[in-house]
Amino acid sequence: MEKSKKLFAEAQEIIPGGVNSPVRAARSVGGEPVFVDHGRGARLFDVDGKSYLDFVSSWGPLICGHAAPWVLHAVEEAAKKGTSFGAPTEAETTLARLIRKHYPAMEMVRLVNSGTEAGMSAIRLARGFTGRDKIVKFQGCYHGHADSLLVSAGSGVATLGIPGCPGIPAALAELTLTVPYNDADALEKTFKKHGDSIAAVIVEPVAGNMGVVPPQPEFLPAIDRLCKEYGALFICDEVITGFRLSLGGASAYYDLKPDLTMLGKIIGGGLPLAAFGGRREVMEKLAPVGGVYQAGTLSGNPLAVAAGIAAVEYLAGSSVYARLRQSSRQWADGLLALAREHGVPACGNRVESMSTLFFTEGPVTDYDSALKSDTAMYGAFWRGMLERGVWLAPSQFEASFVSAGMIPDDIETALDAAAATFKALKK
Ligand SMILES: *Cc1c(COP(=O)(O)O)cnc(C)c1O
């Protein structure tokens with residue numbers, strides 16, 4: 001850890017907290033960031049030469065594993081032609097079509113650079129289309145760090161326990177109504193009260209930013225029904241679930257037809273790329289066709305688009321989802337069994353290749369029940385796993401992702417580390 005420590009000290013002097021995204025600082029788990037040298041397949045290698053089995057996968061994007069040869073090749077070939085033009089390329093249409101093929105509700109697609117941009121733009125578009133100002137989000141869901149969407153947010157906001165974020169005008173925050181996840185009745189009440197001023201409901205179809213919380217069977221259909229009834233748009237934030245739960249994401253998995261969909265993470269193949277899209281009549285409100293302005297100097301960047309196409313084509317052309325499901329089940333079931341064996345109060349949530357072991361008896365069905373987790377115990381677990389060569393998200397309120405780079409032996413190795421860590425925790 002010596003070199004990491006030195007680099008972290010240097011970084012802190014010039015970069016706030018030493019990191020360019022807060023959760024990376026590992027403060028809530030009582031740790032310090034490991035500085036990365038490189039990644040390969042299922043493993044991350046730090047600057048001190050130690051390697052880790054990686055269950056963070058760059059927070060979701062690396063479903064193909066680190067430095068997947070087909071992604072690298074695509075990026076190399078694209079880079080030879082130039083790295084940015086600020087003018088359209090054929091590949092952007094290719095990727096947009098690939099997206100629509102698997103997400104038919106995305107009749108039109110716009111490419112952006114991050115999930116935050118996708119969320120921010122989708123909200124603006126929904127407001128512009130409906131002529132209404134209010135939006136509804138669910139407590140503990142994270143949709144990027146745009147002003148309107150940071151209210152009761154998950155991810156780093158949950159990890160750091162930030163109640164309201166300084167810098168967000170109260171007048172704007174008031175336009176964001178929040179409802180507990182999985183609570184269709186509360187959503188209905190909110191619509192009864194504010195129905196004619198709600199532009200959109202935005203949801204993570206499987207929550208991943210308060211730890212993994214699956215939707216209860218009636219929840220997503222209720223959102224769809226209420227949005228239709230009151231003329232609000234249903235925005236499905238598939239930034240994590242897109243190309244993760246299945247090729248068609250949560251939309252295919254749960255048979256959803258959202259008005260707008262956000263994609264990110266996996267569709268960039270590990271480069272900065274995201275997208276939003278949906279019904280033609282809504283998307284045609286966007287500039288330059290319509291008046292809702294949205295733009296980006298590097299949007300549709302050729303390297304990111306090439307990486308995205310390579311990643312999606314790989315996912316479409318292999319039996320990867322069956323393998324991921326298998327590995328994820330082995331990992332999540334194995335962890336829960338070990339926790340129980342060692343008398344650690346725990347429960348597990350998993351949907352396909354995203355899972356969370358919560359350090360609470362559970363069940364965890366929403367943000368309040370997630371918050372019952374023993375985060376100090378999670379911190380000790382995280383530190384123990386790190387020491388034993390397993391890289392987990394440095395927060396209880398995140399998902400654990402397996403990647404196609406992992407083989408059953410890797411999962412066994414990680415579970416051995418978990419057994420040793422649980423054993424040490426009890427002492
Ligand atoms: C990560 C994430 C975002 C934000 O994406 P960034 O690329 O980090 O801006 C939005 N929504 C969900 C569900 C996410 O997990």
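The values are calculated or read from the model by the stated rules, or taken from the named source; none is laboratory data. Keep in mind that this is a model prediction, so the values were computed, not measured. Because the Cβ atoms are built from the backbone with ideal geometry, glycine has one as well, and the counts that use them run over all protein chains shown. Calculation scope for accessible area: heavy atoms of the full protein, side chains included, ligands and nucleic acids excluded. Shrake-Rupley method; radii C 1.70, N 1.55, O 1.52, S 1.80 Å.
Things to note:
- For the set Arg225, Arg132, solvent exposure ranked by accessible area (probe 1.4 Å, protein chains only) runs largest to smallest as Arg225, Arg132.
- Pairs of lysine residues in the stretch 69-316 - Cα separation under 24 Å, sequence separation of 8 or more or cross-chain: 25
- You can think of it this way: the chain between Leu298 and Arg280 has 4.1 nm of extra reach, that is 0.36 nm per residue less the Cα-Cα gap.
- Highest GNM mean-square fluctuation among Gly82, Gly242, Gly270, for the chain modelled with Cα contacts below 10 Å: Gly82.
- For Cys64, the amide hydrogen comes within under 5 Å of the amide hydrogens of Ala404, counting only partners 5 or more places away or on other chains and with H modelled in the peptide plane.
- Protein accessible area in the stretch 218-271, 1.4 Å probe - carbon and sulfur %: 53 percent
- Comparing Gly277, Gly317, Gly31 in a Gaussian network model of the chain (Cα springs below 10 Å), the most mobile by mean-square fluctuation is Gly317.
- A cut-off of 5 Å between modelled amide H atoms, ignoring neighbours fewer than 5 places along the same chain, links Asp37 with Phe45, Asp46, Val47.
- DSSP H segments from the chain that extend 20 Å or more along their own axis, Cα-based, with Kyte-Doolittle mean of 0.0 or above: 115-130, 302-316, 408-426
- With each label modelled as a point 7 angstrom along the Cα→C-beta vector, the Glu229-Asp416 pair spans 5.6 nm.
- Taking the centroid of alpha carbons for each part, the stretch 310-336 and the stretch 190-263 are 23 Å apart.
- Per residue value of the accessible surface for the chain (all protein chains in place, 1.4 Å probe), Å²: 42 Å²
- Along the stretch 357-363 the Karplus relation, 6.51 cos²θ - 1.76 cosθ + 1.60 evaluated at θ = phi - 60°, assigns HN-Hα couplings of 9, 8, 8, 7, 4, x, x Hz to successive residues, with x for each Gly and Pro.
- Using 0.36 nm per residue and subtracting the Cα-Cα separation, the extra length available between Lys3 and Ala67 on full extension is 20.7 nm.
- Derived scalar couplings ³J(HN,Hα) [the stretch 202-209; Karplus, 6.51 cos²θ - 1.76 cosθ + 1.60; whole Hz; x for Gly, Pro]: 10, 8, 8, x, 10, 5, x, 9
- When the chain is treated as a GNM with alpha-carbon contacts under 10 Å, the residue of Ala207, Ala370, Ala170 showing the greatest mean-square fluctuation is Ala170.
- Candidate lysines - alpha carbon under 19 Å from Lys6, same-chain residues fewer than 8 apart omitted: Lys50
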